[in-house]
Each structure stands twice: as C-alpha cells, then as structure tokens.
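Quick notes on the structure that follows.
The values are calculated or read from the model by the stated rules, or taken from the named source; none is laboratory data. The model shown is predicted, which means the values in this text are computed figures rather than measured ones. Please note: Cβ atoms are built from the backbone with ideal geometry, for glycine as well, and neighbour counts cover all protein chains shown. Quick note on the areas: whole protein, heavy atoms, side chains included, nothing else; ligands and nucleic acids left out. Shrake-Rupley method; radii C 1.70, N 1.55, O 1.52, S 1.80 Å.
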Amino acid sequence: MIGRLTRQRLEARSAASTAVIVCGALLLIASATSVARGAIARDAARARWAELEAERAVAGAKLSTGGTRWSDARGTPVARMTIPRLGLDEVVVEGVGDDELRAGPGHMIGSVLPGDSGTSVISAHRDRHFHALGGIAMGDTVVTESMRGRVVWTVSRIRVVRAEDSALNARPTPTLMLTTCWPIRYVGPAPDRLIVEAVPK
Amino acid sequence: MHNLGRAALAAMMIVGAGTASAQITTVVAPPPRKNEPAQQAAAQQRERVVQDSVARVTMTGMKEWVDSASAALAVRPDTVPTTADTALGTPRTATAPAPKSDSSASARTSERPSEFRDGSRAPNTATPIPAIGLAGVLMILMGVAMKRRERTARARVRR
C-alpha cells in the first residue's frame, strides 16, 4: 500500500517536472521567436536602406536633391544612425510601434527628420538596438544620414526621467533626442527612460 | 308665461347652437387612412435616402476635419524631396505639408498615441521579452532539478 502511494507520488512529481520543463521551453521559444523576427525585420530594413542608397548613387545626386523616392510610411527606413565610439550602427525606421521597434530604432512620428530645424526623436529597445546606449558619454559623436543629408551631432545632455514624465520638448533649433528604457540591465518593463540629447557639431 | 317659455326656448337654441358648434370643431379627426403597401415602400425608401445623405454629409465632414488636422500639424516629411532642399535640409514649415492622396494614412497617424508633441512622453520602449526568456530558462532549470530529485527518490524506493 505504502509502495503504491510512493509510486503515485513519484509519478505525479514526474508529470509536474515535465510540465514545468515544457512550459519553460515554450516561454523560451516565444522569446527566441520574437528575437528572430526582430533580426529578420532588421535585415529587411538594412536591405531596403542599401537599395535606397544604391538608387541615390545611380541618380548621382545627394540624398536631398531627388532621384530617390523616399517614403514616410511606417516601417520604412528613413535614416541611418551611427555612434562610432560605441560601435552602434543602425538603420532607423519610421514609427515607434512594436513592429517598427522590432526592426530597428524608430523615428517618432511628428518629430522632424534629423537635420531639420526642430526636435528629432529616435527610440529603440534597450535590450536590442540601443543596448550600447548605456555607455554613452557627454561629447560623444553621433552621425545621422537621412533625406536631409548627413549631420554630425555632439551629445550635449544625458538625463534619466520617469516613464510618465513629459520629457520630450520641441526645440526651434535642430536637436536629436535618443530615448530608450532605463536601467539598461533590468528584468521586466523598465520604469525609467534614458534621454540623450545632441546638437549639430 | 307664454312669453317666458318662448324666451327660454330661444335661449336654449342659442346655447345649444354654441355647444353644437364647439362639438363640431373639436371632434374633427377622421380615422387615419391606411397606406397602400406601395405607398409604404415608397415612404421607407424616401426615409432611407434621407438617412443615407445625412450619413454621407457627416463622413465628408470627418474626412475634411482629419485632413485639416493633419495639415495643421505639418510635421511629416515630404515624400518627394524638392530640389530646393540643401544638404542639411530646409526646415519643414507648417504651411507646406506634402499633399497626401492616402487619407487613411493621416487618419491612422492621428489615432496613434506615440506621436511627438511638445511635452510628450518618451515612447514606450519597454519590452517583456527578456523577462519571458529568463522565466523560461528558470522554469527549465526548475524542471530539471525536479526530475533529478524524482530520480533520486526512485532509486531510494528501489533500494
């Protein structure tokens, strides 16, 4: 009788441990799938950007002087951004929705393109495209390239704000704002936002 | 006496005529005539047409409102760059938005909460993916540990 009870308990334990492993594997697969989809979307955005650059080269004109048909539809590449010191090199897509941020840093709709007069906002996930942004420092150089041309920026302000703070202000002069979640290494939805401001060099 | 009777009769006639007149004016309404099926169908059709035109007017108004709102924002980049742009770009002005044939795009734009405005919040870049991945790894580790304990217990039972 005791042996049968023990066997039943062991069977139950075995089933429970199997269930826990299966659930864990499913969560891991879901996470990996999301990352993989992001990688595919990122590659697609880079390929599209390369096409745009090729079109521009064929047209033999500057980015801003026509030849290339730029689109402002969501998810299409609108700029390329590099931070040489951090080794960050990303193609920026239009919009900051889930799909766009999966593909790359997103240009916030309603803000100007980098190089125009006003505030240009570019946001990305801290665990993907802007992971290196945790190491940004005052005076770092940021380079953007868009239909408005190539602009070299200098980081002029770094701040951390609460997620619900109204921290993005419109400026009359060209200003680049890079935002991501803060802390960079944080499990779960991060409570704060890192905002890096840069002005043209 | 006879005169009195005549006078009373005359008074009754006058009063009675007044009452009768009042009854005639108040009891007027004849029963409503029933419409023929064809007439009813025509009336329904007229009503539907009126409703349709009302709805069309409302939708047109909404479209104009959305278009004017998107034009007032004037923050989207031109889809086709002009030759007047310089290398660093001409500032996009509020008076010259790119004409958009796709009105659904502007409507969609106005719906989105994550548009830039003066004093807006930073976009929500928080993602649960790392937490989900970590939870998955922890659950797998926990399951493996449970399996090991179970094996040890089985071995003890056999002995």
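Structure values in brief
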item	result
Matching option when the condition is open to solvent by less than 30 Å² (accessible area, probe 1.4 Å) and more than 7 Å from chain B (Cβ to nearest Cβ), among A:Pro174, A:Pro105	A:Pro105
Every residue from the stretch A:133-169 that is over 27 Å from A:Asp72 (Cβ atoms) and in contact with a Leu (Cβ under 6 Å, 6 or more places away or on another chain)	A:Gly135, A:Val160
Any hit, the stretch B:128-146, residues being within 7 Å of another protein chain (Cβ to nearest Cβ) and within 33 Å of the chain's Cα centre (by Cα)	yes
Subset tally (residues that are on the phi > 0 side of the Ramachandran plot and either charged (D, E, K, R) or within 10 Å of chain B (Cβ to nearest Cβ) (or both)) for the stretch A:122-157	1
Members of the stretch A:177-201 found to be farther than 23 Å from A:Gly104 by Cβ and more than 8 Å from chain B (Cβ to nearest Cβ), listed by number	A:Pro191, A:Val199, A:Lys201
Complete set of residues in the stretch A:169-201 that are closer than 13 Å to B:Ser120 by Cα and either among the polar types (S, T, N, Q) or over 17 Å from the mean Cα position of the chain (by Cα) (or both)	A:Asn169, A:Ala170, A:Arg171, A:Thr179
The lone exception for A:Val160 - which of (1) over 26 Å from B:Ala131 (Cβ atoms); (2) within 11 Å of chain B (Cβ to nearest Cβ) it fails	(1)
Residue list for the stretch A:140-173, filter: assigned to a loop (DSSP other than H, G, I, E, B) and modelled with pLDDT of 95 or more	A:Asp140
Those residues of the stretch A:82-111 which are among the charged types (D, E, K, R) and without any contact (Cβ under 8 Å) to a residue 60 or more places away in the chain, in sequence order	A:Arg85, A:Asp89, A:Glu90, A:Glu94, A:Asp98, A:Asp99, A:Glu100
Of all residues in the stretch A:82-99 being in a strand (DSSP E or B) and among the acidic types (Asp, Glu), the one that is most open to solvent (accessible area, probe 1.4 Å)	A:Asp89
Search result, residues across the stretch A:59-77 that are at pLDDT 80 or above and either loosely packed, with under 14 Cβ neighbours inside 10 Å or farther than 14 Å from A:Val92 by Cα (or both)	A:Ala73
Of all residues making up the stretch B:147-159, the number that are facing chain A (nearest Cβ under 7 Å) and either touching a residue at least 60 places away in the same chain (Cβ under 8 Å) or not acidic (Asp, Glu) (or both)	4
Test: residue in the stretch A:101-112 that is assigned to a loop (DSSP other than H, G, I, E, B), closer than 17 Å to A:Glu197 by Cβ and aliphatic (A, V, I, L, M)	yes
Scope the stretch A:5-44; condition surrounded by 16 or more Cβ atoms within 10 Å (Cβ to Cβ) and basic (Lys, Arg); matching residues	A:Arg13, A:Arg42
Residue that is nearest to A:Cys181 (Cα to Cα), among those in the stretch A:122-133 that are in a loop (DSSP other than H, G, I, E, B) and either open to solvent by 10 Å² or more (accessible area, probe 1.4 Å) or of a type in the set (Phe, Trp, Tyr) (or both)	A:His125
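Rundown of residues vs (1) open to solvent by less than 10 Å² (accessible area, probe 1.4 Å); (2) touching a residue at least 60 places away in the same chain (Cβ under 8 Å), yes/no style:
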| site | (1), (2) |
| --- | --- |
| A:Arg80 | no, yes |
| A:Leu113 | yes, no |
| A:Ser120 | yes, no |
| A:Gly135 | no, no |
| A:Thr141 | no, yes |
